[in-house]
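S.K.: Please find one structure pasted underneath; my questions will follow.
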């Protein structure tokens, strides 16, 4: 796959704070890339550096084969969809969408061409019938479509979306997910979608990039990121791993919660020492738990549980106050009932754990 | 059963609301009384008096249009009307030319809110001295032996002092522009500061250079500020008399100066005619400016 955007060793600091710390990144063409990071991880800054609203302190940005760091934003040809949409409040839907075609540098387009292109994109994003409305007179979802259409009509090869669903309600968010992916596929351009939601990142991206304190933590396909996070920090953002710190002995991981024997074949990933077990890989048994030789067990007190529809999330507190979360998928079993303040054995297979050396 | 309770519940609450609205109207009473006594009544008086009969030493309530005919046939007064309009338009243009870039800098390029406030307060500092001192201070600046002429001669740029600097249209325009400019800067800076920086970045991202962005985004979004500023400046400049009296050496006569002179010589009827003319002009100017931008949308 061809690379449309390449970042080499890009850094950007604000005073003592390193917002971007030597970012190396190659974004493939014709794909949906989601960029996941908690707030403060530098994801918006990264997007703004690519768009040209900020210049990197060092490093190079190459787009479409030419170097663009130092090029003003309006000559880069990269689309940007803002979190708050940033529509032109005094213009109608059509005028907002045609803005780029009518006002960009270079020889003006023939008005007929502009009209046709705007009509086509209005059709694409589903804004028919709202052409002459003011952008303050339409709903949030429709505004989102105008913001998208306004960018797409200029035919950029790369579109940056900064938390595009941040201002939408949950229902609309789900619908826009599928729609956004469909629109991208029809146009064959690259979308770089920044989000703080791990489910959104995994659901939408062909490739998921995890940003961790100004560095690329991992860049992989969604299921690789989910099942084999590259570092404890990535595992933590995914919001589905119990993480234990501690130290690594020859045949076991020693944590304050106990000694976890390791299987001989366990791969040790860099970035630790840490030990991670996914919420849904833990089985709850009455204490004291009987264990098979290939299992690890600790004891915890049931605190409370949370029903999410397809699964139940239960919280157990360990002796040192740490909370372990256990997820039971309801398609497998009936909803579990645990007695409050009762001690239970939490058991998982040695192979199910991820070990970071 | 439930229906009746509901309808019974609605009726008293609607009645209560109406009663509340009636009570709320009383909040307007002090303002209405004040305006009736000190604005509407005097204006009606002014219109009435403008039709009284004026002789050299007395004034009688016999209705006549003599003062009106006098105003519209006298070259002096029509000249003053024209001067007023000319000076007003010049000052209006000058305050926009000086004020808009200032406001653009403060409102758009200074993104630190504290610094923005500090800069706007700086614009108001001249108001800490009295109006007359601010006006009169221009005399030692612009005079024949004034600072500007001394500097120009000292640098060898001119041989003789430029006399047109003081006691001319120019000095009146300079003085008024300096005094009223801040009323233009304030509203424009306020509107500009309200523009979401992302909106400008979005326009940039869509390929527009700064010139285009200014014309298509910044200027239209700041127009309400320009209109409000223009209303402030127009109303104040049209009624001006002190600046022209102090800086024109009585050479520039505005309608305001004529009123002062006529009142001074007890020609009430005539002063009233000029007052009515001035009020009508101001009303027309404000109405015209409000047609430029729909301020209701901005509130």
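S.K.: Need the C-alpha centroid separation for the range A:60-107 versus the range B:215-242, integer Å.
M.R.: Going from one Cα centre to the other spans 32 Å.
S.K.: Here's a follow-up. Would you report the distance distribution of C-alpha pairs in the range A:102-261 as whole percents per 10 angstrom bin, up to the bin with the largest distance?
M.R.: 8, 29, 27, 16, 11, 5, 3, 0
S.K.: Sort A:338, A:344, A:14 by Cβ crowding within 10 Å, fewest neighbours at the top.
M.R.: A:14, A:338, A:344
S.K.: Can you give the log10 of the normalised intensity I(q)/I(0) at q = 0.07 Å⁻¹, computed with Debye over equal Cα scatterers of the range B:75-298?
M.R.: After summing over all Cα pairs, the log10 values are -0.29.
S.K.: Once the Cβ-Cβ distance between residue B:280 and residue B:159 is put in as r, and R0 is 41 Å, what FRET efficiency do you end up with, to the nearest 0.05?
M.R.: Here the calculated transfer efficiency is 0.30.
S.K.: Per 0.36 nm of contour for each residue apart, how much would the distance between residue A:75 and residue A:263 grow if the chain were fully extended, relative to their Cα-Cα spacing?
M.R.: Roughly 62.1 nm would be gained on extension.
S.K.: Same structure, new question: Rounded to the nearest 5, what is the percent of antiparallel bridges among the DSSP beta bridges in the range A:216-357?
M.R.: 95
S.K.: What is the fewest-to-most order of B:45, B:282, A:219, B:184 by other Cβ atoms lying within 10 Å of their Cβ?
M.R.: The fewest-first ordering by Cβ neighbours comes to B:45, B:282, A:219, B:184.
S.K.: Select from A:106, A:196, A:345 the residue whose mean-square fluctuation is largest in a Gaussian network model of chain A (Cα-Cα springs shorter than 10 Å).
M.R.: Result for chain A, Cα springs under 10 Å: A:106 fluctuates most.
S.K.: Still on this structure, please answer the following. Among A:133, A:157, A:48, which one shows the highest mean-square fluctuation when chain A is modelled as a Gaussian network with alpha-carbon springs under 10 Å?
M.R.: A:133
S.K.: Moving on. Can you tell me the 0 to 90 degree angle between the C-alpha axis of helix A:140-152 and the longest principal axis of chain A, rounded to 10?
M.R.: 60
S.K.: At q = 0.31 Å⁻¹, what is the log10 ratio I(q)/I(0) for the range A:73-112, with the Debye formula run over Cα points and no solvent?
M.R.: One equal scatterer on each Cα of the range A:73-112 leads to -1.20.
S.K.: Also, I was wondering about something else. Return the whole-Å distance between the Cα centroid of the range A:172-250 and the Cα centroid of the range B:141-208.
M.R.: Here the two parts' Cα centres lie 56 Å apart.
S.K.: With an 8 Å cut-off on Cα pairs and a minimum separation of 6 or more residues, tell me the relative contact order of the range A:119-248 in percent.
M.R.: Normalised by residue count, the contact order of the range A:119-248 is 16 percent.
S.K.: Take the alpha-carbon positions of the range A:240-356, form their convex hull, and give its projected area averaged over all directions (one quarter of the hull surface) in nm².
M.R.: Quarter of the Cα hull surface area: 7.3 nm².
S.K.: Here's a follow-up. Along Cα→Cβ, 7 Å out, is where each label goes; now give me the distance between the ones at residue A:185 and residue B:86 in nm to one decimal.
M.R.: Inter-label distance under the simple model: 7.4 nm.
S.K.: Computed FRET efficiency, Cβ-Cβ of residue B:127 and residue A:343, R0 56 Å: what is it to the nearest 0.05?
M.R.: After rounding to 0.05, the efficiency reads 0.15.
S.K.: When chain A is modelled as a GNM with alpha-carbon springs shorter than 10 Å, which of A:187, A:47, A:211 fluctuates the most?
M.R.: In this elastic network of chain A, the residue with the biggest mean-square fluctuation among A:187, A:47, A:211 is A:187.
S.K.: If you take every DSSP beta bridge fully contained in the protein assembly as shown, what fraction is antiparallel? Give it as a percent rounded to 5.
M.R.: Antiparallel bridges: around 75 percent, rounded to the nearest 5.
S.K.: Here's another thing I want to ask about it. Counting DSSP beta bridges with both partners in chain A, what percentage is antiparallel, nearest 5?
M.R.: Given both bridge residues lie in chain A, the antiparallel proportion sits at roughly 75 percent.
S.K.: Relative contact order for the range A:3-231: what is it in percent, counting Cα pairs under 8 Å that are at least 6 residues apart?
M.R.: Dividing the mean separation by the residue count of the range A:3-231 yields 30 percent.
S.K.: Still on this structure, please answer the following. For the protein assembly as shown, what is the calculated [θ] at 222 nm in deg cm²/dmol (nearest 500), taking -39500 (n - 2.57) for each run of four or more DSSP H residues and dividing by its residue count?
M.R.: -14000 deg cm²/dmol
S.K.: Sort A:193, A:90 so the one with the fewest other Cβ atoms within 10 Å of its own Cβ comes first.
M.R.: A:90, A:193
S.K.: While we're here: Evaluate 2.2 N^0.38 Å with N set to the residue count of the range A:132-197, then give the Cα radius of gyration divided by it.
M.R.: Against the compact-globule rule of thumb, the ratio is 1.11.
S.K.: What is the calculated FRET efficiency for residue B:55 to residue A:136, with r their C-beta to C-beta distance and R₀ = 60 Å, to the nearest 0.05?
M.R.: 0.45
S.K.: Largest first and in whole Å, give the semi-axes of the range B:205-257's equivalent ellipsoid, each being the square root of 5 times a Cα gyration tensor eigenvalue.
M.R.: After diagonalising the Cα gyration tensor, the semi-axes are 40, 12, 6 Å.
S.K.: Let me ask another. Please express the Cα-Cα pair-distance distribution P(r) of the range A:3-231 as a list of whole percents, one per 5 Å bin, running from 0 to the bin with the greatest distance.
M.R.: Binned Cα distances yield the sequence 1, 7, 14, 18, 20, 16, 12, 7, 3, 1, 0.
S.K.: Moving on to the next point. In nanometres, what is the gap between the two model label sites at residue B:37 and residue B:150, each 7 Å from Cα along Cα-to-Cβ?
M.R.: 5.2
S.K.: Can you give me the relative contact order of the range A:224-357 as a percent, contacts being Cα pairs under 8 Å and 6 or more apart?
M.R.: Once divided by the residue count of the range A:224-357, the mean separation gives 31 percent.
S.K.: Let me ask something additional. Compute the normalised compactness of the protein assembly as shown: alpha-carbon radius of gyration over 2.2 N^0.38 Å, N being the residue count.
M.R.: Dividing the Cα radius of gyration by 2.2 N^0.38 Å gives 1.43.
A short reminder: the numbers here are calculations on the coordinates, not readings from a lab. Just so it is clear, the model here is predicted, and its values are computed rather than measured. Because the Cβ atoms are built from the backbone with ideal geometry, glycine has one as well, and the counts that use them run over all protein chains shown.
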